[in-house]
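Report on one structure; see the data block that follows.
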Amino acid sequence: MRRWMTMVLMVLTLGSGVNALGCATTPGRAAADALVPISDEVAMGRQMADELEKELTMHPDAEVQRYVQQLGEQVVRAVPNRPSGLAFRFKVVDDPSQINAFAIPGGGIYVYSGLLRAMESESELVAVLSHEVAHVTRRHIAQRLVTAYGIDALAQLALGQNPGLLGQLVGAVAAQGFMLKYSRDHERDADEWGLRYMVRMDYDPHGFVTFFRKLEGDGPQLPEFLLTHPHADDRIERIEALIAQLPQTPTRDGREAFQAMKPKF
């Protein structure tokens, strides 16, 4: 047991450091890679998706689903050193009253139609998708699940042997629009890596800023990724500082294409 704990502490330590753009990597990713195989996370996600999609109303327009899926796939292709085996799927939930998006284990990402209606351009949508993709690729979900429930419970869940935990996770997402709250470091990490994904896609990263500012005054209607700490103002300031460091900032916003789709949302 002592040797095992020493290994965990070592991988937690190795998970910290500094990345190429000068911001800290998330402590714990190496531990998640060691303790929760991607195959297990994907297996959990498939079970959750099956149950979630019985609880949520999926958007009936196939063109809307295809549009968001294709943009999401572009984000995934922009991820450098993507963990192998993740199974990304992007779905639109038909609920105009919900301004939210969330990710589940393994790569399932859900966007509410209310969030789409609040947007004005593809750069804003890509910002949200990139943020959620980063939560998956940076193994934040696996880290939070290990912290909350432990390795044994997750292994049972992956094997379909923990229906109680599955029901608890699905119920939380269906009721509140998120599974587990991310830490301050996780939210910053998802912002920063999401920004990188956007730039690699040649989308204007100011989509992060314009959308965050647009929703900032909406109080209780703010999506979960803005309600969690650090405060939205601090996160916007940090994103603007990162954009200012870019040697060249893309200007593509995809407004025309987005506006053509918006009436269908």
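Readers should treat all values here as calculations from the given coordinates under stated rules, not as data from a laboratory. These figures come from a predicted structure and were not determined experimentally. Please note: Cβ atoms are built from the backbone with ideal geometry, for glycine as well, and neighbour counts cover all protein chains shown.
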³J(HN,Hα) computed for each position of the stretch 235-249 - Karplus, 6.51 cos²θ - 1.76 cosθ + 1.60, integer Hz, glycine/proline x:
5, 5, 4, 5, 5, 4, 5, 5, 4, 5, 7, 5, x, 8, 9
Given H placed on each backbone N at 1.01 Å, which residues far from GLY177 in sequence or on other chains put an amide H within less than 5 Å of it?
none
Need the full-extension length gain, GLU73 to ALA257, defined as separation in residues times 0.36 nm minus the C-alpha distance. One decimal, nm.
64.6 nm
By the mean-Cβ-within-10 Å protection proxy, highest first, 58-69, 247-258 rank as 58-69, 247-258
First measure r as the distance between the Cβ atoms of LYS54 and GLU240, then evaluate 1/(1 + (r/R0)^6) with R0 = 35 Å and state the FRET efficiency to the nearest 0.05.
0.25
Once the convex hull of the alpha carbons of the stretch 71-110 is built, what does its volume come to per residue, in cubic angstrom?
74
Amide H neighbours of ARG89 under 5 Å, counting only residues 5+ apart in sequence or on other chains, H built in-plane at 1.01 Å?
GLY108, ILE109
Sorted by packing (mean other beta-carbon atoms within 10 Å per residue), highest first, where do 147-153, 191-197 land?
191-197, 147-153
Taking R0 as 30 Å and r as the Cβ-Cβ distance between ALA153 and ASP94, the FRET efficiency 1/(1 + (r/R0)^6), rounded to the nearest 0.05, comes to 0.40
Rounded, prolate or oblate: pick one for the stretch 74-181, where a ≥ b ≥ c are the square roots of the eigenvalues of its C-alpha gyration tensor, a/c under 1.5 means rounded, and failing that, prolate if a/b is larger than b/c, else oblate.
oblate
Expected output is a single nm value to one decimal: the length gained when fully extending between LYS264 and GLN248, i.e. 0.36 nm times separation in residues minus the C-alpha distance. What is it?
2.4 nm
